[in-house]
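Have a look at the structure below before the remarks.
The values are calculated or read from the model by the stated rules, or taken from the named source; none is laboratory data. Keep in mind the model is a prediction, meaning the values are calculated, not measured. When we count neighbours, we look across all protein chains shown, and the Cβ atoms used for this are built from the backbone with ideal geometry, even at glycine. For the accessible areas, the whole protein counts, side chains as well, though only heavy atoms, and no ligand, DNA or RNA atoms are used. Shrake-Rupley method; radii C 1.70, N 1.55, O 1.52, S 1.80 Å.
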Amino acid sequence: MSDLRKDCDYEYERVDDIPTNPSTAPKIGDIITARLSRRGALKGLGGGAVAGAAVVYGAGQVQAMSHGTHSSLGFTELAKGYDEAHAVAEGYEAQTLIRWGDPVVPGAPAFDPNTLTAETQLQQFGYNCDYVGYLPLPLGSDSADHGLLCVNHEYTNAHLMWSGVTKENAADVLTKEQAEVEMAAHGHAVVEIRRSADGKWSYDPNSTYNRRISALTTELELTGPAAGSDRLKTSVDPTGTKVIGTINNCAGGKTPWGTVTFAEENFHGYFTGNADGHPEEQNYKRYGVPGGWYVWGNYHSRFDINKEPNEPNRFGWIVEFDPYDPNSVPKKRTALGRFKHEGANTIIDKSGRAVVYMGDDQRFDYIYKFVSNGTYNPDDRAANMNLLDDGVLYVAQFDEETLTWLPLVFGEGPLTAENGFNSQADVLIETRRAADLLGATPMDRPEDVEPNPVNGCIYAMLTNNTRRKEANVVNPRVSNAHGHVLEMIPPGTTAGGSAADADHTATEYTWSLFVLGGSPAEHGGMYHPAITENGWFSSPDNVAFDKKGRIWISTDGSPKFGFADGVWAADVSGEARAMTKLFYRCPTGAEHCGPEFNTDDSAYFVAVQHPADDSGSTFDTPSTRWPDFVDGVPPRPSVQVIVKTGGGTIGDA
Ligand code: FEO
Ligand code: CA
Ligand code: CA
Ligand code: CA
C-alpha cells in the first residue's frame with residue numbers, strides 16, 4: 001500500500017502496466033505501421049539522419065522535404081545536463097518569480113518550512129506548480145508587463161515537505177494536520193505580477209486579485225448537463241451541484257473571454273476504499289478509482305468511496321474560473337467530459353464557436369474536442385461566460401488517412417439505455433466508457449493537446465507508452481519510451497497555413513506525425529537531419545506556441561535517460577520544421593511544466609515542478625535545495641521567468 005504513494009509520473013510507470021482501457025480498437029502505433037507498410041519509399045529511412053530527405057506524413061501522403069538548417073530560432077542551443085541548478089541558453093536569464101510557500105493572499109505569513117499548517121498554506125503559494133497562464137491587466141488590454149499569473153498546484157511530495165517522511169512510509173505516518181496541509185497545497189493560485197523599468201519581474205503580495213483555490217476549503221459549482229445528476233449527489237450536497245475542492249490540477253488553458261480552464265487529472269489517486277460490488281463499480285474501475293495514493297480518506301470520509309459513494313463522480317472535470325474577479329466561483333464544466341484531463345485549450349473557430357481540445361492522460365486513452373453551440377461575442381464578455389456549458393463533445397478516431405471526430409451524444413449509436421446510459425449526464429460521467437463504445441483510437445498517453453494560434457493545426461503531446469511491443473518503421477523501438485508529437489490538421493489549413501482558415505467544427509481532419517521523441521542516432525526514424533545530440537527530447541508533456549507559431553515542447557521523463565527535463569523549441573514549417581533545440585533545463589528531479597509567454601514574447605514563464613524528486617531524496621537530504629540553496633530550506637517548486645538579457649523577443653536572434 002505505502003509504495004503506491006508515489007508521484008504522478010512514477011506512479012504511471014507502474015499503473016500503466018495495468019491499463020484501464022479494455023478496448024480492442026487498433027492502437028495508434030498499429031495504424032502508423034499499416035500506413036507506412038504501404039509506403040515502400042520509406043523503407044530506407046530507418047537510419048535517421050538521411051541527408052536532404054526526411055518525411056512529413058500528412059493528408060494521407062508522404063512528402064519528401066528538402067531539409068535545410070535555417071531555423072527562425074536564433075538562440076544558441078543549450079547543452080543537456082543534470083545537476084543541482086537549472087540552466088538557460090546563452091544570452092538569457094531566469095529569475096524566480098514565486099515559490100512554494102510564498103505569501104499569496106494579502107497578509108499571509110512568510111514561509112516557514114518547519115511549521116507547515118493548513119491555515120498558513122491556504123494563504124501561500126501551493127506545491128508542485130504546473131499550468132501557468134498570463135492574463136494581462138487591465139482586462140481587455142494586451143499589456144506585456146503587467147498581468148495576472150494563474151498557476152495550478154497539481155500534487156504534493158510529502159517526503160520533500162516534512163522531515164521523517166519517505167515515499168514508503170507516508171501512508172502510515174501522515175497525520176490529519178499533514179493531510180490537510182497537502183489539501184491546502186493543491187489547487188490553484190492567482191497573483192498580480194509586473195515588470196519594472198529595470199526589466200525585473202515581481203509579484204505583488206498585497207494585490208486584491210491574489211487568491212488561492214484549494215482542495216480543502218474552496219467551494220466550486222458543477223454546471224452543464226451532468227449538474228444535479230443523482231450520481232453527483234452526496235450526503236453534504238443533495239443538489240449534486242456544489243463540491244468542495246479541486247484536485248490534481250495539471251495543465252490548463254485560457255479562453256479568449258479572459259477565463260482560465262484547468263484540469264483535474266489523476267483524481268482516482270485521492271480516493272480510498274473498495275470498488276468491488278460498489279454501485280459505481282464499472283465506472284470506477286474504468287478510471288482506476290480508488291487509487292489510494294493519499295491518506296485523505298482516513299480523515300475526510302468523502303474521499304472514502306464506501307462512505308461517500310458518489311464523491312469520485314464530482315472530480316475528473318475541467319474547471320473554468322474568472323481570475324479577474326477574486327470572488328468568482330470556479331465552475332466544473334461537465335459538458336467537457338469526465339476523464340483524467342491533462343488540460344484544455346480553447347480556440348475560436350471561424351464560425352465563432354468555441355472549440356476546446358483536450359487529452360486524457362493514460363496509456364491507451366483518447367483525444368477529445370468540445371464544440372460550443374453558442375458563438376463567442378467579442379463585445380460582450382458576460383455573454384461568453386457559460387459557452388462551455390452547452391455543446392457537443394467528440395472523441396478522436398484515426399485511420400490511415402483521416403481523423404474522424406465521433407460525437408458523444410446520448411441516444412446516438414451505442415450511447416443508449418441498453419448500455420447503461422440514461423441521459424447525457426451518464427454519457428459525460430462515464431466519458432471513457434462511452435468513447436470505448438464508439439471505437440475511439442487508444443493513444444500513447446495524450447498530455448497537452450493545443451491549437452497553434454498561427455496555423456490552426458493542433459499538436460498533441462503523446463508522452464510515452466512503454467507497453468508497445470512491436471517495432472515499426474516510424475516507431476522503431478520495442479516500446480515507445482520517448483513519445484511523439486502528433487499534428488492534427490483541420491480542413492482549410494496546413495502547417496504553413498493560417499488559423500483564420502481552419503474549420504475546427506469539421507468532423508474530419510487529416511493528421512501527420514510532427515516529430516518522434518528519442519535519439520535519432522539510437523532509434524532512427526523521423527527526425528530532422530540537423531537535430532543535434534542536445535536537440536532530441538524525450539516524453540513531451542506540455543506545449544506552448546509563441547506569436548510566430550513556433551512550438552515549445554516541454555518534457556517530463558528525461559532523467560530516466562540521464563539528462564534534465566526542459567523545453568525544446570522548433571519551427572513548425574519551412575526547412576527547419578521539427579528541428580528541435582534545447583532552450584532551458586530544470587534542476588535535478590524536476591519536470592518542466594506549463595510554459596507560457598506574455599503578450600509580446602518578451603517573457604517566458606515556466607513552472608518547475610518537483611525539484612529533487614529523484615532517487616533517495618528526502619526533506620533532510622534532498623538532491624538539490626534549488627532555488628534557494630539555503631541549508632534547512634527544502635527544494636521549492638517555483639515559477640521562473642526567463643527573459644533575454646537586455647530585453648527582446650524570446651527565441652529570436
Ligand atoms: Fe499531470 Fe499528465 O501530467
Ligand atoms: Ca503533464
Ligand atoms: Ca500548454
Ligand atoms: Ca507527464
Among the candidates 339, 364, residue that is at positive phi and aromatic (Phe, Trp, Tyr): 364
Flag for residue 365 being open to solvent by less than 10 Å² (accessible area, probe 1.4 Å), within 30 Å of residue 466 (Cβ to Cβ) and within 12 Å of the chain's Cα centre (by Cα): no
Mind listing whichever residues of region 202-214 are buried (at least 16 other Cβ atoms within 10 Å of the Cβ) and either aliphatic (A, V, I, L, M) or in a loop (DSSP other than H, G, I, E, B) (or both)? 205, 207, 209, 210, 213, 214
Breaking point among (1) within 16 Å of ligand 3 (Cβ to nearest atom); (2) at pLDDT 95 or above; (3) closer than 19 Å to residue 484 by Cβ; (4) open to solvent by less than 10 Å² (accessible area, probe 1.4 Å), for residue 604: (3)
Counting only strands (runs of 3 or more DSSP E) wholly inside region 399-467, the ones holding at least 1 residues that are open to solvent by 10 Å² or more (accessible area, probe 1.4 Å) are 403-407, 446-451
Output the residue which, of all residues in region 174-196 that are crowded, with 22+ Cβ neighbours inside 10 Å and not hydrophobic (A, V, I, L, M, F, W, C), is farthest from residue 294 (Cα to Cα). 188
Of the residues 370, 339, which is among the aromatic types (Phe, Trp, Tyr), within 16 Å of ligand 4 (Cβ to nearest atom) and open to solvent by less than 10 Å² (accessible area, probe 1.4 Å)? 339
Among the residues of region 276-283, are any more than 16 Å from ligand 4 (Cβ to nearest atom) and crowded, with 21+ Cβ neighbours inside 10 Å? yes
Within region 546-565, how many residues are of a type in the set (Gly, Ala, Ser) and within 16 Å of ligand 1 (Cβ to nearest atom)? 3
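Scan region 257-285 residue by residue and report those that are part of a helix (DSSP H, G or I) and either modelled with pLDDT under 95 or within 14 Å of ligand 1 (Cβ to nearest atom) (or both).
267, 268, 269, 270
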Does residue 217 satisfy being crowded, with 20+ Cβ neighbours inside 10 Å and touching a residue at least 60 places away in the same chain (Cβ under 8 Å)? no
Among all residue pairs at least 6 apart or on different chains, which show Cβ distances below 6 Å where the first residue, located in region 330-348, is within 21 Å of residue 505 (Cβ to Cβ) and the second is open to solvent by 10 Å² or more (accessible area, probe 1.4 Å) and within 16 Å of ligand 1 (Cβ to nearest atom)? 345/450
Determine if region 565-574 includes at least one residue that is under 23 Å from residue 532 (Cα atoms) and touching a helix residue (DSSP H, G or I) at 6+ places or on another chain (Cβ under 6 Å). yes
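Residue-by-condition table, conditions (1) away from ligand 4 (no atom under 12 Å from the Cβ); (2) among the aromatic types (Phe, Trp, Tyr); (3) modelled with pLDDT of 95 or more:
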position: 536; (1), (2), (3): yes, yes, yes
position: 541; (1), (2), (3): no, no, yes
position: 549; (1), (2), (3): yes, no, yes
position: 565; (1), (2), (3): no, no, yes
position: 568; (1), (2), (3): yes, yes, yes
position: 573; (1), (2), (3): yes, no, yes
position: 576; (1), (2), (3): yes, no, yes
position: 581; (1), (2), (3): yes, no, yes
position: 587; (1), (2), (3): yes, no, yes
Which residues, counting only those in region 544-566, are within 11 Å of ligand 3 (Cβ to nearest atom) and buried (at least 24 other Cβ atoms within 10 Å of the Cβ)? 551, 552, 553, 554
Against the definition (assigned to a loop (DSSP other than H, G, I, E, B), touching a residue at least 24 places away in the same chain (Cβ under 8 Å) and open to solvent by 40 Å² or more (accessible area, probe 1.4 Å)), how does residue 238 come out, yes or no? no
Does residue 628 satisfy the criteria of being open to solvent by 10 Å² or more (accessible area, probe 1.4 Å), in a loop (DSSP other than H, G, I, E, B), out of contact with any strand residue (DSSP E or B) (no Cβ under 8 Å at 6 or more places or on another chain) and among the charged types (D, E, K, R)? no
On the given criteria, is residue 513 more than 16 Å from ligand 3 (Cβ to nearest atom), assigned to a strand (DSSP E or B) and either more than 30 Å from residue 144 (Cβ to Cβ) or not polar (S, T, N, Q) (or both)? yes
